[in-house]
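Worksheet: one structure, shown below.
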Amino acid sequence: MTTPSSADSDAPSGLPAALGAYVIWGFLPLYLLLVTMVPPFEFVGWRIIWTLPFCLLIVAFRKQFGEVLSAIRKPRMLLALFASATLIAINWFVYIWAIMNNQVYAASLGYYLNPLLNVLLGTMLLGERLSWRQWLAVAIAASGVAVLAAGAITTLWISLSLAFSFGLYGIVRKQVSVGALPGLTIESAILLVPASVIVTFYADNPAPSFGDGWFLSTAIAFSGVVTAVPLLLFAIAARRMNYSTLGFIQYLAPTIVFFLGLTVFGEQLRTPQLVSFILIWMAVAIFVADLWLRSRKAKRAVAQPT
């Protein structure tokens with residue numbers, strides 16, 4: 001018989017999957033450089049269209065069609081997925097618009113704010129309780145937002161839109177008992193009709209994006225891969241890792257985006273943005289420290305003999 005410790009050591013680690021997901025999300029702006037000539041609204045339409053077949057292929061490979069069918073037969077679950085599909089479409093559009101319009105720092109800040117906003121939304125909507133460290137982190141993050149509002153209000157809507165749309169998306173999906181990949185498959189199917197209308201509208205232009213050369217068409221079709229693959233890796237990591245470790249790794253993506261803005265995109269870092277980032281980084285440090293301390297406390301409690 002295997003002991004718990006040996007069983008845990010034999011279990012596959014979720015760290016490579018988590019790093020893979022967040023590195024892909026972090027370097028996503030570089031991929032978007034390949035499609036900058038595509039209008040953001042049109043690109044979101046193509047992203048939805050190409051995500052659906054790729055998701056269906058992975059669902060077939062993982063034999064998850066039963067979970068997909070089970071979800072679409074439940075009206076309340078389908079309604080929740082309709083809401084989550086709307087939120088993720090908004091998130092995709094704002095993010096793509098921000099990167100294509102050289103607002104990389106605003107996009108990065110939105111995803112730094114997101115975990116802190118999740119904690120606050122969990123308190124307001126799910127009745128969860130915050131520790132004093134988490135309240136301190138939220139207060140410092142709010143100060144960072146206030147600084148940005150005072151000195152760089154023209155980009156504040158990007159950060160807040162990204163943080164709130166993805167935060168509310170997470171809240172909605174938390175209430176729906178469907179896996180990440182089957183859920184994304186259904187969301188993509190829900191958005192397929194409006195996405196098709198959008199790309200059909202742009203197809204009437206004198207120079208439609210898709211079909212305008214093999215390179216651009218391939219880059220657009222590749223959007224399905226860069227959407228589904230990191231989400232699948234994240235789903236694998238979430239099953240194999242504890243929340244505190246995953247909570248720390250999630251800051252890898254906005255950090256990569258920040259340094260891409262500083263180097264590749266050459267965006268000027270204004271003083272209000274810098275002050276806001278420093279305050280957000282302080283809040284993130286307190287938040288991660290709180291997760292680590294709570295994790296250690298929980299492990300000690302489990303280790304103590306009863």
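The values are calculated or read from the model by the stated rules, or taken from the named source; none is laboratory data. Not measured: the values here are computed from a predicted model. Quick reminder, even Gly has a Cβ in these numbers, built from the backbone with ideal geometry, and neighbours come from all protein chains shown. What goes into the accessible areas is simple: the full protein's heavy atoms, side chains included, and nothing from ligands, DNA or RNA. Shrake-Rupley method; radii C 1.70, N 1.55, O 1.52, S 1.80 Å.
For the reader, a short list of remarks on this structure follows.
- Here V38 clears all of (1) buried (at least 21 other Cβ atoms within 10 Å of the Cβ); (2) in a helix (DSSP H, G or I) except the condition numbered (2).
- Residue within the range 151-160 that is outside any helix (DSSP H, G or I) and within 29 Å of S276 (Cα to Cα) present: yes
- Among residues that are surrounded by 16 or more Cβ atoms within 10 Å (Cβ to Cβ), closer than 30 Å to F201 by Cβ and at pLDDT 90 or above, F82 is not included.
- All positions within the range 181-193 that are open to solvent by 30 Å² or more (accessible area, probe 1.4 Å) and either of a type in the set (G, A, S) or within 16 Å of the chain's Cα centre (by Cα) (or both): A189
- For Q64, the requirement of being over 18 Å from the mean Cα position of the chain (by Cα) and open to solvent by 20 Å² or more (accessible area, probe 1.4 Å) is met.
- Inspection of the range 46-53 finds a residue satisfying the criterion of being among the polar types (S, T, N, Q), surrounded by 16 or more Cβ atoms within 10 Å (Cβ to Cβ) and outside any loop (DSSP other than H, G, I, E, B).
- Inside the range 252-284, residues that are open to solvent by less than 60 Å² (accessible area, probe 1.4 Å) and either free of Cβ contacts under 8 Å to residues at least 40 places away in the same chain or closer than 28 Å to L33 by Cβ (or both) make up a count of 19.
- Contact map, the range 86-104: first residue more than 12 Å from S161 (Cβ to Cβ), second residue not in a helix (DSSP H, G or I), Cβ cut-off under 7 Å, separation 6 or more or different chains; pairs are M100/T36; N102/F265; N102/E267; V104/F265; V104/E267.
- Check on S196, within 15 Å of the chain's Cα centre (by Cα) and of a type in the set (S, T, Y): no
- Hey, L121 of a type in the set (A, V, I, L, M), in contact (Cβ under 8 Å) with a residue 24 or more places away in the chain and surrounded by fewer than 15 Cβ atoms within 10 Å (Cβ to Cβ) or not: no
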